[in-house]
Amino acid sequence: MKISELYVYPIKSLRPTKITEGKLTKLGFRYDRRFMLLKVIPGENENGSGPTLKNMHIPEYPEMGLFQTEIEEAKGESEGDTSRLIVTYNPPSSSDTKDNTESSDSEDSQARRLEIPLEPETATLKPFTVTMHSSPTTGYDMGSRYNDWFSACFGYPVVLAYLGTNTRSVLGTLAPAKRNNESWWRIWKQELVLPSNGHGNKMLNQWLVPFSLGYLVLNAVSWCHGRIENGTSSPAVAIGVTALALTVLWTVVNILVNRRHEARIGFADCAPFLVISQTSVDDVSGRLDGGVEVDLTKFRPNVVVEGAEVAFEEDFWAELAVGSNGNAGAGKDSKVKLLLTGNCVRCQSLNVDFSTGKMGTGEAGSVLKKLMKDRRVDRGARFSPVFGRYSFLGGEGIGERIRVGDEVVVLRKGEEYTVTGKSASEAWNVILTTGY
């Protein structure tokens, strides 16, 4: 199998940017879901301090499908300062509505095109709390220049929020450590090894942190022994102080290790990546009458894999290795591992017509219904069909890049369908209305 398509969604729920290669971060592809839109609801909020902001998702606001995004990355060392996002608004065509004022094509084009810095300076932006599915984070109001443009397109006031360096907790049991019930030793083993990223001595990177901790422990024991030998402290006091020091050291390091290992997300609803199979997309298209082909971007994937032998075999994928074009290929030694932890249950977003900004009619508007017949395979989400898998990045993959054409190998499979557990019930219930 290999990667056939890659997508980034710079602004949540708007249409994606198709890319040929993507840089991997803990939060997904670089620039993925770095922004989101919130509708301004007039009136005072529960604190009596002004209007309420409501998170916008395409099933509830299908007009979001009228916005196309494009990333223009700068070349050279200053790319973080000048890379930009181009948003184009494509209003639905109508034969019975015409502009009352004459304007040139260039003026009309400029009015429907907006440039946004991909890494804006947050020092001058107003921070505010963005809560997604009871998981809060901090966003930054991009200001009137951008808010007014989107508001004019939507026809109601909205706010464009930027994530910055902030993150959120992962819902339910989707995080790899929770899904796999990882032991504390496995977590420590992963986190105490320094990432090499192709640099430095492999043995030094592997043993530097454990050796340093061992050195601290031996020093504490040596101090205790010295106090007892010299009679400076009684054995009980020396041992007690040493035990207390080691307990504090263990507690602090354990907190730091677990915090580093904890999976985090940004403005994505549930996971950094969504993986789907082209074979499964073709299966859905085959269910539609009249030769209608489903637009796979309605499934909002980040990674599309082609070459699967049967449709929906990805239901059982638990771990994938992705190999670079320049290397021998994917395998156990590949740095890029995608950990597939849960099903993506689907909602009305599959029925949105991107050309009209409304729910589709005919076959194009029946995708969800077609899947309801046989794709309700998750016992934890009995009333929703499953399509695609939520995925997290293995630790060594941070900073790497994956490309269209890269080989994909299944390293690990589950024997049964993934079940959305009770602790994750909030997650899938939210998906019913957000569409990821």
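Since every read-out is calculated from the coordinates, none of them should be taken as a lab result. Owing to the predicted nature of the structure, the values given are computational and were not obtained by experimental measurement. Heads up, the Cβs are rebuilt from the backbone with ideal geometry, glycines too, and the neighbour counts pull from every protein chain shown.
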Packing-ranked peptide list from 361-372, 11-22, 116-127, highest mean Cβ count within 10 angstrom first, is 11-22, 361-372, 116-127
Karplus ³J(HN,Hα) for the stretch 236-245 (6.51 cos²θ - 1.76 cosθ + 1.60, θ = phi - 60°; Hz, whole; x = Gly/Pro) runs 5, 5, 4, 5, x, 5, 5, 4, 5, 4
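Going by average Cβ neighbours within 10 Å, how do the peptides 152-164, 333-345 rank, with the highest at the top? Intermediate results must be reported in sequence, preceding the final value.
Working: 152-164: 19.5, 333-345: 23.9.
Order by mean packing, descending: 333-345, 152-164.
Mind ordering 351-358, 1-8 by average Cβ neighbours within 10 Å, highest first? Present the calculation step by step, with values, prior to reporting the outcome.
Details: 351-358: 19.0, 1-8: 20.5.
For the peptides 351-358, 1-8, the packing ranking is 1-8, 351-358.
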Non-local residues with an amide H under 5 Å from the amide H of ILE19, with H modelled 1.01 Å from N and Pro and chain starts lacking one, are LEU6, TYR7, VAL8
In order over the stretch 278-285: 3J(HN,Hα) from phi, Karplus 6.51/-1.76/1.60, θ = phi - 60°, whole Hz, x for each Gly or Pro, gives 5, 4, 6, 4, 4, 4, 5, 4
Residues whose modelled amide H sits under 5 Å from the amide H of VAL130, counting only those 5 or more places away in sequence or on another chain, are THR137, THR138, GLY139
